[in-house]
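Take a look at the structure set out below.
The values are calculated or read from the model by the stated rules, or taken from the named source; none is laboratory data. Quantities reported herein were computed from a predicted structural model and do not represent experimental measurements. Here the Cβ positions follow ideal geometry from the backbone for every residue, glycine too, while neighbour counts run over all protein chains shown. Calculation scope for accessible area: heavy atoms of the full protein, side chains included, ligands and nucleic acids excluded. Shrake-Rupley method; radii C 1.70, N 1.55, O 1.52, S 1.80 Å.
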Amino acid sequence: MNYDFDKPVNRRRTFSVKWDVKEQELPMWVADMDFETAPEIQDAVRRRAEHGAFGYTLIPDEWYEAIQEWWEKRHHFHLEKEWLIFCTGVVPAISSAVRKLTTPAEKVVLLTPVYNIFFNSVVNNGRYVLECPLSYDGEQYEIDFQALEEALADPQTTMLIFCNPHNPVGKIWSAETMKRVGDLCRKYHVVVVSDEIHCELTDPGKEYIPFASVSEACRDNSITCIAPTKTFNMAGLQTAAVIVPDPYLRHKIWRALNTDEAAEPNVFAMTAAIAAYQKGGPWLDALRSYLYENKQTARTFLETQLPKLHLVPSEATYLLWIDCKELTEHAKELGRFLREKTGLYLSEGSQYGKTGETFLRMNIACRRAVLEDGLERLKQGVEAYQKAFPR
């Protein structure tokens, strides 16, 4: 089946968080695709809607089986049924884990730059963020294991929130790297919460490795958060899951999610998730190819038209992590300038930790014509910025 990712989709005036902007603005910030979800998912949801009765919803065996079969086939990892717990979203699951598995004033380690909402899940619950910056050589990001061990060895540290693949830098962590992380966390009695919501959005030919699959230490000391929502652009349906192999941790998380009322599905959550995992594979493969082509378009444009901006190489996600330090030390100001002068709305890198202050994040999960518009706006804005603030 052919899937048309160049089809225009007007999301204005649909209560879209991303598109609730001025008419002339182009939002390329929040991690939300501008494509319709897979036709197979649309058909399943449409059939459910046509039923007309929208009462309380159970979690059927089909939901467990669909996830198990997908992970076995796609990621070569066998999940036991009892490991899986439904939840309404990855962020609610992370926040529940923070509340249940740590106590106020304890520390939670974040490998920064990292997804900004992690900070909220920690700080809003009265815990402290302990930033452990990734090492960056101007091209690649890696974990600074000396710094990580120092952070984990702090007696007040009780949790590490891991991101796999890593948002915003697009890094697919290797099995060797994750094994070292798992061994250190077990050594210092620090539980790992692994956000793997971007796991399907890898470049063609690239595979992510589930954290819990790497070793016994990783499996028995981790909570993995997954969802079809980022992959299939259906975050508004609020459907996700946590994978918890260890029975002690699983009971804790089950209690946390139920206490926080985050463990009951809306009427479309089961239908959409089952359809995604059972029938969405061909659509996803076509999407990954299209996103990869978008990445190459953006990379060529930046290299030829905006040489002072450096695109960090990535293997996953549809997010570009753009190093602006040759242009400015204050990417936040650049981002605001771009939005004011051209309407281009990007994410400011400082949201993702102190080491992100010279970066901007750009969402390229859109049709090619929109991407080209965004890149032209970026060029116009950067040229205007250089004239206004020469270095």
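Of note:
- Residue count for the stretch 328-344, restricted to those that are within 24 Å of N120 (Cβ to Cβ), surrounded by fewer than 23 Cβ atoms within 10 Å (Cβ to Cβ) and modelled with pLDDT of 95 or more: 4
For every residue, the table says whether it meets (1) over 30 Å from I322 (Cα atoms); (2) out of contact with any His (no Cβ under 6 Å at 6 or more places or on another chain); (3) in contact (Cβ under 8 Å) with a residue 24 or more places away in the chain.
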site: M33; (1), (2), (3): no, yes, yes
site: D43; (1), (2), (3): yes, yes, yes
site: R48; (1), (2), (3): yes, yes, yes
site: H51; (1), (2), (3): yes, yes, no
site: T57; (1), (2), (3): yes, yes, yes
site: E62; (1), (2), (3): yes, yes, yes
site: A93; (1), (2), (3): no, yes, yes
site: T112; (1), (2), (3): no, yes, yes
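- Residues that are of a type in the set (A, V, I, L, M, F, W, C) and crowded, with 23+ Cβ neighbours inside 10 Å within the stretch 226-240 comprise I226, A227, F232, M234, L237, A240, listed in sequence order.
- The residues of the stretch 368-389 that are β-branched (V, I, T) and closer than 17 Å to H330 by Cα amount to a single one, V382.
- Unique residue being touching a helix residue (DSSP H, G or I) at 6+ places or on another chain (Cβ under 9 Å), hydrophobic (A, V, I, L, M, F, W, C) and assigned to a strand (DSSP E or B) when the list is V181, V192: V192
- Contact map, the stretch 280-304: first residue part of a helix (DSSP H, G or I), second residue of a type in the set (S, T, Y), Cβ cut-off under 6 Å, separation 6 or more or different chains; pairs are W283/Y3; A286/Y3; L291/Y318.
- Selection of the stretch 307-327 for residues being buried (at least 19 other Cβ atoms within 10 Å of the Cβ), out of contact with any Lys or Arg (no Cβ under 6 Å at 6 or more places or on another chain) and part of a loop (DSSP other than H, G, I, E, B) yields L309, S314, T317, Y318, C324.
To keep it simple, each residue is scored yes or no on (1) of a type in the set (A, V, I, L, M); (2) open to solvent by 40 Å² or more (accessible area, probe 1.4 Å); (3) farther than 18 Å from T231 by Cβ.
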| residue | (1), (2), (3) |
| --- | --- |
| E25 | no, no, yes |
| W29 | no, yes, yes |
| A38 | yes, no, no |
| R48 | no, yes, yes |
| G52 | no, yes, yes |
| W63 | no, no, no |
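- Qualifying position, being touching a strand residue (DSSP E or B) at 6+ places or on another chain (Cβ under 9 Å), surrounded by 11 or more Cβ atoms within 10 Å (Cβ to Cβ), part of a helix (DSSP H, G or I) and not basic (K, R), among Q68, Q42: Q68
- Subset tally (residues that are basic (K, R), open to solvent by 40 Å² or more (accessible area, probe 1.4 Å) and within 28 Å of G281 (Cα to Cα)) for the stretch 13-23: 0
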